[in-house]
Amino acid sequence: METLINKLKAAALKMTLLMALAAGAAFQGCSGTEQGNSKDEAVSADAATAVYVAPGEHDELYSFLSGGFNGQVSVYGIPSGRLLKIIPVFTQFAENGYGYNEESKAMLMTSHGFVPWDDLHHPKLSRADGMADGRWLFVNGNNTPRVARVDLKTFETVEIMEIPNSAGNHCSPYPTNNNEYVLAGTRFSVPLDMKGGTQDVSLNDYKDKFRGSISFIKVDKEHGDMELDFQILVPGFDYDLANGGKGPSEDWVFFTTYNTEKSATLKELGASQNDRDYLAAINWKLAAKYAAEGKAKEMPANYYHNKMDHNSHIAKSTVKKTVRYLLPEDCPGMMYLLPAPKSPHGIDVDPTGEYMVVNGKLASSLPVFAFSKMQKAIKNKDFDGEVNGIPVLKYESVLAAEVKEPGLGPLHTEFDGKGNAYSTMFVSSEVVKWSLKDFQVKDRMPVYYSPGHLMIPGGDTREPYGKYMVVMNKITKDRFLPTGPELMHSAQLIDISGEKMKMLLDFPTVAEPHYAQGIRADLVAPNSVKFFKLDENTHPEAVKSEKDVSVTRNGRNVKINMTSIRSHFTPDNIEGVQVGDTVLFHVTNLEQDWDVPHGFAIMGANNAETLIMPGATQTLKWVPQQAGIYPFYCTDFCSALHQEMQGYVRVSPR
Ligand code: CUK
Ligand code: CUA
């Protein structure tokens, strides 16, 4: 009887959670905050001082927030919340011509053609010895599976690699503790027969013919260049999120999974078939060993790898035609499944590497697995069946503890390095602080509203910087002045240095942030490039002196190799262009000084504008349609004579 009541209670709670998750915003009332009452009693009295960075002063930390469906990364100073830069990654960006000028277009090429949009969720800083090293930022493109690398010397996207055998590159990218690999897992499983090519497979064959993939991307130690080494073709679940181990667990990476029923429709999520899904544990070091020892086979593939050259600043695409793969059933000891609450979201490993927190968004408790127990269970073969030859470990044998009543809808957890964990509760709209010592809840802080990820700078590393926490909310309601039907997305800064959390600041974000990374400013700022050296510019169309400029015709193509320097273009009067010519303006910015880009824009061009960094060369392509005089000008205010930085092209009838 007792158990029946408990079961009913559990079922009722699950329904409430499901309804709440589905209702989303409508459920906000449960945060206990009246809508429209944006004054928050939890705001610390000294909040203003804590976030005040005086004019001319610099922030203590950089934070890199994903832009979600705008395909960009935005950079904020912490604690001020000041927006410092927007870095376009999977999107064209008019501000600096990325994806518009001829040099950068190849960055956005894929096997599906030019795809200048993606859904960017997870920035991850490169690592050295388990700590963020401030060299590169890896990010995922969810929609057309891609992994990109941003160079933090220039804050530019320098590499984008498409991921084959993937659809919805969500549990991605995860650098191992010394960037040995960046791992990328597919969300949707895909039809695979290991022969490659497009497959016309019925969705009725989902169970038998679909598989997921975990990609192992090698990273060059010195330059960061990526290379897809091999993939593990895993059972056909949906893979949601991942995180790597540390210390004792550093050879492992963990993935949350759902749809372990392997069904092509999730419509019956409420009437769940399986009560549990899995946490997949993969020994990446062993996988690399298997691959190196010849266990990996090769299959046809078709994916683009785009790189921006350091010196010419020209992006080039290489099309790759094969990929190596491992099957877990052939690789004993490489992969295990740990039973997890149904449809878990984030998986987060604590700084010591002992605890794996599974954020079961539908569960009423937060299970914490112990790595030492996992190892013991593997050793003792404490198995509870298998899936596709992969052993399933017994829940009780790997469980360290369940955090009781943490809140509703746990999504993500980070750590402060002082023995505490902080979890976001999407439904009850709060951050909950709990202890890794006794697994008891210690504090709660309402946030506005429905938090997704949270980020403590270094909170995913060996040694977090446990002073601040940034919480990224899914819904903004009432925090800022209204801006039409859609409000700015929002993040909140919370002081976590004391026993109680203190609310410090709201700041609007550029589109929807999912995850973020934070790092001490002194690990990035000193390496920031001030300008590109003109004598290292290897662009084939660069002109390094005004006396070398030229206008050359070759059939219907006209090439204009020109220069810009405060405050003129050379040449600035251009004749000899005819209607229908393909005109390439190769503009070299001769400046050798910090922060002196020049813009170049010409009337009527559809890729109308670009911005050329000092020392670099960029190309704008133009096919004039009408005869006439076309002014061009510099778009970036560069000196008192900026307005005079202009010229004309005469386009004659043909
Ligand atoms: S996900 Cu968005 S809140 Cu794509 Cu990391 Cu969890
Ligand atoms: Cu150059 Cu304005």
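The values are calculated or read from the model by the stated rules, or taken from the named source; none is laboratory data. Since this is a predicted model, take the numbers as computed values, not measurements. When we count neighbours, we look across all protein chains shown, and the Cβ atoms used for this are built from the backbone with ideal geometry, even at glycine.
The figures follow:
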{"quantity": "Strands (runs of 3 or more DSSP E) fully within region 557-624 counting 3 or more residues that are surrounded by fewer than 24 Cβ atoms within 10 Å (Cβ to Cβ) and either away from ligand 2 (no atom under 14 Å from the Cβ) or of a type in the set (S, T, N, Q) (or both)", "calculated": "557-565, 573-578, 582-589"}
{"quantity": "Condition check for residue 206: aromatic (Phe, Trp, Tyr) and crowded, with 21+ Cβ neighbours inside 10 Å", "calculated": "no"}
{"quantity": "Among residues of region 80-100, those that are under 14 Å from the mean Cα position of the chain (by Cα) and of a type outside the set (Val, Ile, Thr), counted", "calculated": "2"}
{"quantity": "Residue within region 22-41 that is surrounded by 18 or more Cβ atoms within 10 Å (Cβ to Cβ), at pLDDT below 80 and either in contact with a Lys or Arg (Cβ under 8 Å, 6 or more places away or on another chain) or under 30 Å from residue 132 (Cβ atoms) (or both) present", "calculated": "yes"}
{"quantity": "Lone qualifier among 481, 523 - being more than 16 Å from ligand 2 (Cβ to nearest atom) and at pLDDT 95 or above", "calculated": "523"}
{"quantity": "Any hit, region 162-175, residues being out of contact with any strand residue (DSSP E or B) (no Cβ under 7 Å at 6 or more places or on another chain) and surrounded by fewer than 21 Cβ atoms within 10 Å (Cβ to Cβ)", "calculated": "no"}
{"quantity": "Within region 460-471, considering residues that are more than 19 Å from residue 80 (Cα to Cα) and in contact with an Asp or Glu (Cβ under 9 Å, 6 or more places away or on another chain), the one nearest to ligand 2 (Cβ to nearest atom)", "calculated": "460"}
{"quantity": "Listing of strands (runs of 3 or more DSSP E) fully contained in region 352-437 that carry 3 or more residues being farther than 29 Å from residue 493 by Cβ and without any contact (Cβ under 8 Å) to a residue 60 or more places away in the chain", "calculated": "383-387, 399-404"}
{"quantity": "Residue list for region 199-238, restricted to those being among the basic types (Lys, Arg), in a strand (DSSP E or B) and under 19 Å from residue 179 (Cβ atoms)", "calculated": "218"}
{"quantity": "Region 73-129, subset acidic (Asp, Glu) and either on the phi > 0 side of the Ramachandran plot or within 16 Å of ligand 2 (Cβ to nearest atom) (or both), residue surrounded by the fewest Cβ atoms within 10 Å (Cβ to Cβ)", "calculated": "129"}
{"quantity": "Among residues of region 468-488, those that are touching a residue at least 40 places away in the same chain (Cβ under 8 Å), of a type outside the set (A, V, I, L, M), closer than 19 Å to residue 70 by Cβ and assigned to a strand (DSSP E or B), counted", "calculated": "0"}
{"quantity": "Every residue from region 433-482 that is away from ligand 1 (no atom under 16 Å from the Cβ), of a type in the set (Val, Ile, Thr) and surrounded by 19 or more Cβ atoms within 10 Å (Cβ to Cβ)", "calculated": "461"}
